[in-house]
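K.L.:
Structure below; questions to follow.
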Amino acid sequence: MQYNKMKIAVGFFVIILILSLGIFSYLLLDAKGAFKKRYQYYFITDSAASFSIGMPVKFSGFAIGSIDDIKLLNDGKVKISLLITEENRKWINKYTYLLLKKPLIGSPHVEVLASSGNGYLKPNSKLPIIVTDDINDLVTKFEPVVDRLLNIIKNIEIFTNDMVKKDSNINKTLKNVEVITNKLAKSDSLLTSITGDEKSTKSLINSLNEIDKILKDISNITSSLHKDIVKPTSNSIKELHSILQDVNNKLKELDPAIKSIGNSGDDIEKLKESINLTIEKTNDIMEKLDAVLEDKSVDKVELP
Amino acid sequence: MMKYLFVMVFLFFSGCSFKPSINQWQYKSALAFNNYKKNFLSYKDILAKDDLKKAISYAKNGADIDMLSSIYLGKCALNISIGIKDKCNEYNNIKDLVESKSQESYYAFIQKDFNNIDIENLDERYRDFAKYLSQKDYKKANEEIKNLKEPTSKLLAISLLGDKVSKQNLKEAIDLTSFYGYKKGVIYLLGRYKTKVDLKTKDKIDKKIQILLK
């Protein structure tokens, strides 16, 4: 009797489980639009490249259908069928265009270009399609830039070839510049042309010679100073510096030692306190242990 | 498994139900003094000193002068029991503050001040012994020593009886204190015992004492 009751309970449980799973599946599929009516359209293209079954058909970024079938026709062209959901059928009319977008970033998809309010296009009707290729567009835009770059490179090549030739204009110009600079270097005509008077030029040159002499004298004096006075003084200062550095280092070494001596008294006090505390606590534990181990508790002193 | 569970539950309940008494100082002081007695007689002087210090300290924590005087009196009696002359100065310093006739009688007893002993207030163990000792009835006093079961009591009585103690009592007391491991008591008793034996035995006892003291 008990066993039969259990069997009925298990049966109910299994039935409820199956029903629950069924309802859940139905609701899931319904939410995904599996039971909604769809309308089929198609378009013809030269190649099936970039297309795939299940590829979304989008309108204003929303998926309104998907590619259902791809077939190769006898003339070499490709027939691609697509399914559009019932509520979005309004976007498919006689003015509708399809646009295959192949963006640089992201997967390719079919975009619907249309406006509503123009009636419905009959199912299984053909739709026009435009293919846009972002990569190729980019290449097309870059083509003139590349041409210009190639021209610049050609010009540079011509220029360098010209430089190599001895009788080229550039080489002639450079030779002329060389001659002029040599002349300037050999004569004081430039200085005369600047001052406007030959005497001034000579006096200027004499002054410069005098300055040169003075500078030599100064050099001699400083060299003797270096030998007689500066060098020993410098040595003494160096020694003094090294002594001071040594003293400074030793003071630095002494400083922590002095500090530690100053602190050691406090440290010892703290250590002593810690040890005392530890001993007190240990004693307390030992006494408790003694009290536990003692077979009888006495609260009076037993005299001998 | 069930057994361990039962033990754990039992320990848990025991732990929860156990509450230490408030007058812990009293128990700790008494315990420390008992330990002092044992350690003192066992020649464990460092431990004994510490125990006595603790006993006094706890008695002072409780501001119990009565207990403190008991400790001082006990210390004094213990010294006397192993032949150390002690006038119980610590007790004398505070005895005015204590109104304990039993302590006064005990003090008079250990000081052999028989004129001041109030036998009725003396510890029951020593009543007859004190009576016979005061009457100088040494034979009966020796008989009374035999009735003392505690080694410390026996030691004290033997010490108080002095030279009048019987050889037999000494021998029995040596065995008893030895059984308890009271080395200091044994050495004292051996010292007393050797005065009652012939020279040959005396030498042996001396040798024994030397060995024990090493």
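The values are calculated or read from the model by the stated rules, or taken from the named source; none is laboratory data. All values derive from a computational prediction rather than experimental measurement. FYI the Cβ positions are ideal-geometry reconstructions off the backbone, even for glycines, and counts take in every protein chain you see. Surface areas here come from the heavy atoms of the whole protein model, side chains and all, with no ligands, DNA or RNA. Shrake-Rupley method; radii C 1.70, N 1.55, O 1.52, S 1.80 Å.
K.L.:
Got a sec? Which of A:Ser47, A:Ser25 is of a type in the set (S, T, N, Q), modelled with pLDDT under 90 and surrounded by fewer than 12 Cβ atoms within 10 Å (Cβ to Cβ)?
P.N.:
The match here is A:Ser47.
K.L.:
For B:Ser21, all conditions in the list (1) open to solvent by 30 Å² or more (accessible area, probe 1.4 Å); (2) touching a residue at least 12 places away in the same chain (Cβ under 8 Å); (3) within 12 Å of chain A (Cβ to nearest Cβ) hold save one; what is the number of the exception?
P.N.:
(2)
K.L.:
Can you list the strands (runs of 3 or more DSSP E) found entirely within the range A:23-119 that contain at least 2 residues being closer than 16 Å to A:Ile129 by Cα and free of Cβ contacts under 8 Å to residues at least 24 places away in the same chain?
P.N.:
Hits in the range A:23-119: A:62-72.
K.L.:
Need the failing condition index for A:Asp212 against (1) over 30 Å from A:Pro103 (Cα atoms); (2) open to solvent by 90 Å² or more (accessible area, probe 1.4 Å); (3) modelled with pLDDT of 75 or more, just the number.
P.N.:
Going through the list (1) over 30 Å from A:Pro103 (Cα atoms); (2) open to solvent by 90 Å² or more (accessible area, probe 1.4 Å); (3) modelled with pLDDT of 75 or more, A:Asp212 breaks only (2).
K.L.:
Does the range B:75-97 contain any residue that is out of contact with any strand residue (DSSP E or B) (no Cβ under 9 Å at 6 or more places or on another chain), within 14 Å of chain A (Cβ to nearest Cβ) and modelled with pLDDT under 90?
P.N.:
No - not one qualifying residue is present in the range B:75-97.
K.L.:
Does any residue of the range B:31-40 turn out to be surrounded by fewer than 23 Cβ atoms within 10 Å (Cβ to Cβ) and not in a helix (DSSP H, G or I)?
P.N.:
Scanning the range B:31-40, I find no residue that is surrounded by fewer than 23 Cβ atoms within 10 Å (Cβ to Cβ) and not in a helix (DSSP H, G or I), so the answer is no.
K.L.:
Right, something else. Any chance the range B:33-46 includes a residue that's small (Gly, Ala, Ser) and either more than 14 Å from chain A (Cβ to nearest Cβ) or within 13 Å of the chain's Cα centre (by Cα) (or both)?
P.N.:
Checked against the condition, which is being small (Gly, Ala, Ser) and either more than 14 Å from chain A (Cβ to nearest Cβ) or within 13 Å of the chain's Cα centre (by Cα) (or both), the range B:33-46 yields at least one hit.
K.L.:
Still on this structure, I have one more. Condition test on A:Lys58, is it at pLDDT 90 or above and surrounded by 10 or more Cβ atoms within 10 Å (Cβ to Cβ)? Let's see the steps before the verdict.
P.N.:
Numbers: at pLDDT 90 or above: no; surrounded by 10 or more Cβ atoms within 10 Å (Cβ to Cβ): yes.
Answer is no for this residue.
K.L.:
Out of the residues in the range B:52-68 meeting the condition of being buried (at least 19 other Cβ atoms within 10 Å of the Cβ) and more than 10 Å from chain A (Cβ to nearest Cβ), tell me which one is nearest to B:Ser102 (Cα to Cα).
P.N.:
For the range B:52-68, the residue satisfying everything is B:Ile56.
K.L.:
Residues of the range B:135-172 being more than 13 Å from every other protein chain (Cβ to nearest Cβ) and of a type in the set (Gly, Ala, Ser), which ones?
P.N.:
Hits for the range B:135-172 are B:Ala141, B:Gly162, B:Ser166.
K.L.:
Would you be able to say whether some residue in the range B:102-119 is buried (at least 16 other Cβ atoms within 10 Å of the Cβ), aromatic (Phe, Trp, Tyr) and more than 13 Å from chain A (Cβ to nearest Cβ)?
P.N.:
No, the conditions are met nowhere in the range B:102-119.
K.L.:
Find all pairs meeting these conditions: Cβ atoms under 8 angstrom apart; at least six residues apart or on different chains; first residue within the range B:149-160 and farther than 9 Å from B:Ile110 by Cα; second residue surrounded by fewer than 22 Cβ atoms within 10 Å (Cβ to Cβ) and hydroxyl-bearing (Ser, Thr, Tyr).
P.N.:
Pairs that qualify, where the first residue is farther than 9 Å from B:Ile110 by Cα and the partner is surrounded by fewer than 22 Cβ atoms within 10 Å (Cβ to Cβ) and hydroxyl-bearing (Ser, Thr, Tyr), are B:Pro151/B:Tyr180.
This table checks each residue for (1) open to solvent by less than 100 Å² (accessible area, probe 1.4 Å); (2) of a type outside the set (Lys, Arg); (3) in a helix (DSSP H, G or I); (4) modelled with pLDDT under 80.
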| residue | (1), (2), (3), (4) |
| --- | --- |
| A:Lys202 | no, no, yes, yes |
| A:Ile205 | yes, yes, yes, yes |
| A:Lys216 | no, no, yes, no |
| A:Asn235 | yes, yes, yes, yes |
| A:Asn249 | yes, yes, yes, no |
| A:Asp255 | yes, yes, yes, yes |
| A:Val301 | yes, yes, no, no |
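K.L.:
Kindly establish whether B:Ser57 is of a type in the set (S, T, N, Q) and under 26 Å from B:Arg192 (Cα atoms).
P.N.:
no
K.L.:
Residue under question is A:Leu98, and the condition is that it be out of contact with any Lys or Arg (no Cβ under 6 Å at 6 or more places or on another chain) and either surrounded by 10 or more Cβ atoms within 10 Å (Cβ to Cβ) or farther than 28 Å from A:Lys32 by Cβ (or both); does it hold?
P.N.:
Considered against the rule, which asks whether it is out of contact with any Lys or Arg (no Cβ under 6 Å at 6 or more places or on another chain) and either surrounded by 10 or more Cβ atoms within 10 Å (Cβ to Cβ) or farther than 28 Å from A:Lys32 by Cβ (or both), A:Leu98 comes out as yes.
K.L.:
A further question on this structure: Is it true that A:Pro103 is over 16 Å from A:Pro56 (Cα atoms) and open to solvent by 30 Å² or more (accessible area, probe 1.4 Å)?
P.N.:
So A:Pro103 fails the test.
K.L.:
Anything in the range B:69-81 that is surrounded by fewer than 24 Cβ atoms within 10 Å (Cβ to Cβ) and either hydrophobic (A, V, I, L, M, F, W, C) or in contact (Cβ under 8 Å) with a residue 60 or more places away in the chain (or both)? List them, or say none.
P.N.:
Result: B:Ile80, single match.
K.L.:
Within the range A:106-128, count every residue that is surrounded by fewer than 17 Cβ atoms within 10 Å (Cβ to Cβ) and hydrophobic (A, V, I, L, M, F, W, C). Outline the logic, then answer.
P.N.:
So the first thing to find is which residues in the range A:106-128 are surrounded by fewer than 17 Cβ atoms within 10 Å (Cβ to Cβ), and the list is A:106-107, A:113, A:115-120, A:122-126, A:128.
With the extra rule that they be hydrophobic (A, V, I, L, M, F, W, C), the set shrinks to A:113.
Within the range A:106-128, residues that are surrounded by fewer than 17 Cβ atoms within 10 Å (Cβ to Cβ) and hydrophobic (A, V, I, L, M, F, W, C) number 1.
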